[in-house]
Amino acid sequence: MILELKILPEYFNAIKSGQKTFEIRFNDRNYRPGDVLLLKEWNGIFSGKEIFVRITYIIDNFDGIKPGFVIMSIKKIKKKIYISYCDKYSTNSYIFLLYIVPIMLLNSCLKIIRHP
């Protein structure tokens, strides 16, 4: 699953540089290892900068973690080609990494885009 999240510039830059390899969030989206986070830099407005990361490990229900929160180990995704998929049966649109897209989507509308 791909989840879009706002992130402040200082944390965005730390993840982009590789210095920050974790994310602490309220678990309102039922985060799971394998989920992809699309982190969008935001400081009151969106800057247009984005980065994809994959959740590799989650800690929850641990002494010292506030109830309802999780600590997620994350890893930057280095792929530069993504596929934009729009479901012709609904108004939803999704972004999938090239290697995530199931074969069954090939009959739907696909557009390959390059991510900066």
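The values are calculated or read from the model by the stated rules, or taken from the named source; none is laboratory data. Everything numeric in this text was worked out from a predicted model, so none of it was measured. Every residue, glycine among them, receives a Cβ derived from its backbone with ideal geometry; neighbour counts consider all protein chains shown. When the accessible area is computed, the model is the full protein with side chains, heavy atoms only, and any ligands, DNA or RNA have been set aside. Shrake-Rupley method; radii C 1.70, N 1.55, O 1.52, S 1.80 Å.
A few points about this structure:
- Test set (1) touching a strand residue (DSSP E or B) at 6+ places or on another chain (Cβ under 6 Å); (2) open to solvent by 80 Å² or more (accessible area, probe 1.4 Å) - residue 39 fails condition number: (2)
- Boolean, residue 17 is on the phi < 0 side of the Ramachandran plot, among the small types (Gly, Ala, Ser) and at pLDDT below 95: no
- Beta carbons closer than 7 Å, at least 6 apart along the sequence or on distinct chains, pair a first residue in region 29-50 that is within 14 Å of residue 70 (Cβ to Cβ) with a second that is in a loop (DSSP other than H, G, I, E, B) and aliphatic (A, V, I, L, M) for 35/1.
- First in region 56-72 and part of a strand (DSSP E or B) and of a type in the set (D, E, K, R), second anywhere and modelled with pLDDT of 95 or more and open to solvent by 70 Å² or more (accessible area, probe 1.4 Å), Cβ under 9 Å, 6 or more apart: none
- Counted residues, region 19-50 - those being under 13 Å from the mean Cα position of the chain (by Cα), aliphatic (A, V, I, L, M) and under 15 Å from residue 73 (Cβ atoms): 3
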